[in-house]
1. Roughly how tilted is helix 132-143, in degrees to the nearest 10 and between 0 and 90, from the longest Cα axis of the chain?
2. Along the three principal axes, how long is region 165-220 when you take its alpha carbons, biggest first, rounded to the nearest angstrom?
3. To the nearest 10 degrees, how steep is helix 305-315 against the longest Cα principal axis of the chain, on a 0 to 90 scale?
4. Could you tell me the calculated FRET efficiency between residue 192 and residue 374, based on Cβ-Cβ distance and R0 = 41 angstrom, to the nearest 0.05?
5. Say a paramagnetic label sat at a point 7 Å from the Cα of residue 282, along Cα to Cβ; which residues of region 106-125 have their backbone N under 16 Å from it?
6. Looking at region 83-155, I'd like the Rg to Rh ratio, where Rg is from alpha-carbon atoms and Rh is Kirkwood's inverse mean 1/r.
7. Roughly how many Å is it from the Cα centre of region 289-304 to that of region 143-204, as a whole number?
8. Between rounded, prolate and oblate, where does region 211-362 land on the alpha carbon gyration tensor, with a ≥ b ≥ c its root eigenvalues, rounded for a/c under 1.5, else prolate if a/b exceeds b/c?
């Protein structure tokens with residue numbers, strides 16, 4: 001893994017940490033400024049630095065969110081990208097395993113290539129009017145279920161100085177803990193590498209240790225009470241690949257737990273062929289130790305009904321991954337079922353989004369597809 005700064009507030013420029021802290025000190029001065037902003041910027045450097053240090057020690061770290069760093073992470077394993085993407089305060093651009101060819105380990109690559117061909121033929125048989133390039137891309141999207149969550153990818157990740165330091169400290173806490181599963185043991189060296197390569201941006205004392213926070217992706221509770229109303233909390237099974245899509249909705253909280261017994265997602269395009277299903281499960285089970293992206297996990301999702309509506313407007317679409325689109329629709333129907341009597345106000349609002357596609361629910365699509373409101377019927 002290689003991490004370089006591609007921008008920091010100004011493209012092509014690596015902002016020195018001392019300058020970022022100095023800017024934080026100026027920002028802190030706004031809270032109590034007697035005159036105007038220029039008074040703060042014209043004060044002595046020593047006064048600003050003193051204020052920055054006092055703010056750092058007091059734990060009021062939000063002023064250090066004003067400076068950000070854009071990190072390019074080459075060779076980052078997918079699972080580490082998921083860890084980072086679950087922390088909300090960021091911007092990210094990641095190489096897509098749905099639309100580009102990935103380079104997994106030799107054992108996984110054999111299965112990835114094998115199923116890319118099988119699925120492409122299957123898609124063309126089912127949907128003969130689909131153009132060849134589209135069928136190939138959809139085959140890749142499904143074949144990637146075979147490859148590991150440790151498969152390297154490339155991601156640009158923009159984060160504030162404060163948030164980066166918090167993440168580094170959460171990673172340190174995670175590394176120091178004992179965990180009972182192999183996934184976490186395999187993850188820890190990558191966390192150590194991330195910490196080592198971002199050490200030049202580390203500021204001693206810029207952490208939230210007093211609040212006892214930790215990496216948010218991993219659930220430390222075996223179960224949660226389901227409820228639906230103004231807010232909701234629900235738990236369901238989904239693949240690593242689906243979770244990687246879901247937690248891009250940063251206003252919704254996601255956590256995951258591994259299952260006691262391995263289980264795997266089966267692409268709907270092969271679900272009606274018992275021999276292909278059997279072959280799929282045999283192949284994906286053979287790489288279980290790699291934690292394939294098709295491995296199912298327990299996903300806990302919670303948020304507000306307004307933010308769930310925003311999720312439906314992104315995921316109830318044929319451009320969305322099929323697995324997450326179907327899960328979003330299932331959650332919507334369950335939400336409606338649970339609120340019809342218990343919370344009629346919320347029910348009446350959500351009922352306007354009952355269609356299985358966003359284009360049937362008050363959404364003006366600028367790129368109409370061939371599926372329309374029937375998109376839940378697709379197998380790809």
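1. 70
2. Ordered largest first, region 165-220 gives principal extents of 31, 25, 16 Å.
3. The helix 305-315 is inclined about 60 degrees to the chain.
4. Details: r = 49 Å, r/R0 = 1.19.
So, using R0 = 41 Å, E works out to roughly 0.25.
5. Residues passing the 16 Å test: 111-112, 114-115, 118.
6. 1.06
7. 18
8. Note, shape of region 211-362 comes out oblate.
Each reported figure results from applying straightforward, stated rules to the coordinates on display, with no laboratory input. Since we're looking at a predicted model, the values are computed, not measured. Virtual Cβ from ideal backbone geometry, glycine too; neighbours counted across all protein chains shown.
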